[in-house]
Each structure stands twice: as C-alpha cells, then as structure tokens.
Amino acid sequence: MLQPRNILFRLKWVGSRSCSNYVSRMRYLSRMKQDDEVCRTALQSGNIFLYHQLAPLLQRTDIGTYQFPAFPAEDVKGILENLGESNEMLWETILINCTERNKAQFSLDVGSIEQAAVEKLCGGTFTDLRKAFFLLRGPEATLAARVVHFHHQGQALLRWHQTNGFCSSTGQPTQRNQSGSQRVCHSSGITYYPKMSPVVIALVSDGKRCLLGRQSTFPRGMYSALAGFCDMGETMEETLCREIAEEVGLEVESIQYSGSQHWPFPQSSLMVACHATVNADNTRIRVDTVELEDARWFSLEEVQELLKIKAPPRNNKGEPPVFWVPPRYAIANRLIQEWANQQQLKS
C-alpha cells in the first residue's frame, strides 16, 4: 500500500551550515544530556525561554511585531533576585537544544512566581502556545517556523517532568538529571525517558478534491486534515486506513509519506503526515459524529482561497463562520499546500 521509493526524503541544510558543524553540535548536545557537569557549565552561558504554567513569554516589539525572547542565564538570575526568588530555581531548567554556535538553549517554568510580577519585569505576556503563534503574521510567520520546534519541545518536556515525578512501579519519587533528558527511581533502578504518542495525520483526496474535517473543539470555522492516534501494535498504514474508515466511512487505496512534526497538544505527540487517495467512484462521506463535527470535500479553487487566510478570521456575531485552515507552522497546512501545488501541476 505504501508506494516504494528509492529516496524517502532529502535533508536540506539551512544556510551555509556544514555537515561537520552539525555533527559537532549533535555530539555536544549528547554530552550535555549525559554529563551533568557539562550541562551546568553550558547553562551558565546559555539562553533561557521562560514559561508560566506551560505558557511561553511573548513580547511585543517597538514596531508592533511579536517575538519569543530568550534571556541569557545571567539575566534570568537577575530577574529571580528582583522577585525575591532563589537562584536555585535556575537548576530547574530543561535543556532543549543548542544553536549552531553551540550556545545551549533551555526552558524554565516560573509558575510558582506571581505571573503579573514576572510579566512586568520581563516586558511581556505569558500566552497560550497555540494563541501565541496565531499572533505571528506576515514576516514573523517565518520566524515562528524556526522557533516553533523549540517551544513545542520545551513545553512538552516541562509538562512531562511535572507529571512524572513518581515511579509507576514503586510509587517512590523519581529524580531528574541536570539536562532533564531522563528521570530515575533510585529505589527500583528504573530510568524513565520522555515519551511521545504516534499520530497519523492524512489529507485525503479523490484525485480532484481534498477532504477536510473539523472537530467540535476546533476554533470556529477551522477545517483540517484527518488525524488519529496509533493503537498498540498498529503500523502507520493500518492506523491511517482505520481512522479514515472510522471517521468518514471511506477506504484508502494508496498512501504517500510527506513528513513529520512534534505536536505538544494535548500531550506530546509525533505527527506522521501522509497523503491518502480514495477511489473517485466511492466518495460519499459518512461522518462519525462522535469523532467529527463535520467533513466535506473542497475543490482546488476553494483550497487556494483557504490558504490565503493567514490568521483566524473575525466573524460578527450571528454571521456564518468563514472557513480557514491551520496556520503555516502546522503540518496540516503543509499537506494542504502540497496537495494544491500538485493539483496546479496537473492543470
């Protein structure tokens, strides 16, 4: 069912980065995860993204745009001191990644401190991650695509540590290492690592139209590709076919892999994105209303109009909702854009 390909995908290096620089950076990142002293040393000169109860800090710039500020560790020490907090909180940071110049990047949740006090001192606002990215428009959307990975990873790791403080075998407290890459129960000797749930997201097409659906929890008017969690023991292909059959009553004929994306909502998930084709002679939708609120076919012209909407539209009360699709940082948008591009090549 999955079409064989000689090359599944090609990696594109950003800018002038060389493979040797990448290898060096990945090995440095690995050392920070494995060696607490290396990580502590890196933290002293690293940058820190601040969160408050998992909501990242968002700043409005002088020109009216938004940004996610990364504070040098020394500045965070000063912030904590000004708020009467101990610098010991700095050791609660979680390692996210490091820049191409080997500057370590961390996340820190200051949810135990009064939110308004931190916001005033930092000149920003702690904003729900999904809402924050909707505020990034135009040129900032490109920036959002660059930092979205850090914030998804940072929030997911912070949440994992907040919800895995005890061993599931003994009930005893677990202890994290400095980087936050693992937790250990010293009573049982069990080591716990952050986990992700695999999810398949698919854009279904009949060759001329694509199928988009919406859940009742989606923002008003938003339609997206169909998605579902993998059951234990399922392959990606089996999950995709089952979910399409369950949600809209269609049988998949072929599948093409597109890419993947980490997604922290509602928990940490790995989104595996695919294009799925169904028989053009059997396209009647039978929506499972437990799973979906609605699903419908969209033509190329309709999809092109949807892709022009860069931010959630504002509807006046009582007016019918304006249809729109997830923003560019979501892999669902990528699937929809790929399908539209492919359809244009056919015409």
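The values are calculated or read from the model by the stated rules, or taken from the named source; none is laboratory data. These numbers were taken from a predicted model, which means no experiment stands behind them. Cβ atoms come from the backbone with ideal geometry, glycine included; neighbour counts cover every protein chain shown. These area figures cover heavy atoms from the full protein model, side chains too; ligands, DNA and RNA do not enter into them. Shrake-Rupley method; radii C 1.70, N 1.55, O 1.52, S 1.80 Å.
Looking at segment 249-272 only, could you name the residues that are within 24 Å of residue 160 (Cα to Cα) and out of contact with any Pro (no Cβ under 8 Å at 6 or more places or on another chain)?
260, 261, 262, 263, 264, 265, 266, 267, 271
Would you check which residues across segment 300-326 are part of a loop (DSSP other than H, G, I, E, B), touching a residue at least 40 places away in the same chain (Cβ under 8 Å) and of a type in the set (A, V, I, L, M, F, W, C) and list them?
Once the filter is applied, which keeps residues that are part of a loop (DSSP other than H, G, I, E, B), touching a residue at least 40 places away in the same chain (Cβ under 8 Å) and of a type in the set (A, V, I, L, M, F, W, C), segment 300-326 yields 311, 322, 323, 325.
Output the residues belonging to segment 205-239 that are open to solvent by 70 Å² or more (accessible area, probe 1.4 Å) and in contact with a Cys (Cβ under 9 Å, 6 or more places away or on another chain).
Within segment 205-239, just 238 meets the criteria.
Select, from 233, 189, 221, the only residue that is within 23 Å of residue 302 (Cβ to Cβ) and either out of contact with any helix residue (DSSP H, G or I) (no Cβ under 6 Å at 6 or more places or on another chain) or among the basic types (Lys, Arg) (or both).
Exactly one of 233, 189, 221 is within 23 Å of residue 302 (Cβ to Cβ) and either out of contact with any helix residue (DSSP H, G or I) (no Cβ under 6 Å at 6 or more places or on another chain) or among the basic types (Lys, Arg) (or both), namely 221.
Could you pull out every one of the helices (runs of 4 or more DSSP H) wholly within segment 26-130 that has 1 or more residues that are at pLDDT 95 or above, touching a Lys or Arg at 6+ places or on another chain (Cβ under 9 Å) and surrounded by fewer than 19 Cβ atoms within 10 Å (Cβ to Cβ)?
36-44
Can you tell me which residues in segment 173-204 are open to solvent by less than 10 Å² (accessible area, probe 1.4 Å), over 20 Å from the mean Cα position of the chain (by Cα) and touching a residue at least 24 places away in the same chain (Cβ under 8 Å)?
Selection gives 179, 204.
Looking at segment 246-262, which of the residues that are open to solvent by less than 50 Å² (accessible area, probe 1.4 Å) and not β-branched (Val, Ile, Thr) is farthest from residue 302 (Cα to Cα)?
Restricting to residues being open to solvent by less than 50 Å² (accessible area, probe 1.4 Å) and not β-branched (Val, Ile, Thr), the top hit is 262.
State which residue is least open to solvent (accessible area, probe 1.4 Å) when the search covers only segment 271-325 and only residues that are closer than 14 Å to residue 205 by Cα and of a type in the set (Phe, Trp, Tyr).
298
Can you pull out every residue in segment 152-172 that is within 30 Å of residue 226 (Cβ to Cβ) and open to solvent by 50 Å² or more (accessible area, probe 1.4 Å)?
Listed by number, the list holds a single entry, 163.
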